[in-house]
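Student: Please find one structure pasted underneath; my questions will follow.
The values are calculated or read from the model by the stated rules, or taken from the named source; none is laboratory data. Because the structure is a prediction, the values reported are computed rather than measured. Virtual Cβ from ideal backbone geometry, glycine too; neighbours counted across all protein chains shown.
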């Protein structure tokens, strides 16, 4: 895999985690606010790690899919080179029918689960700042 620059999926959790750690160094004085602050602190760190893990998995899957696509193209080239019209006409016909059937069943999901984790992380960060008294 190629090294990539940090994107929004890495920068937001890093910034929120750093700010959260800085605020946690100076916890509130009230015991109840300290408990709420600690729970939100742990939740924020958990979701930040979860977001990194999910981002890593998505990158790996995209990398493997691109490898599969590249291999498919290579296979297609080899297949064209080894094509024997008389002997394999029937097999080619069956493969074309199967490919057309499978092409219709291909599922494309345009939903990115990292968006939900970013939203939850931002809400938890807001609740954390509110528990520290920054938003009354």
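Student: What are the residues in segment 1-37 that are surrounded by 11 or more Cβ atoms within 10 Å (Cβ to Cβ), at pLDDT 80 or above and in a loop (DSSP other than H, G, I, E, B), if any?
Tutor: The one that is surrounded by 11 or more Cβ atoms within 10 Å (Cβ to Cβ), at pLDDT 80 or above and in a loop (DSSP other than H, G, I, E, B): 30.
Student: Output the number of the condition that residue 77 fails; it satisfies all remaining conditions of (1) more than 30 Å from residue 133 (Cβ to Cβ); (2) at pLDDT 85 or above.
Tutor: Only one criterion in (1) more than 30 Å from residue 133 (Cβ to Cβ); (2) at pLDDT 85 or above is unmet by residue 77, namely (2).
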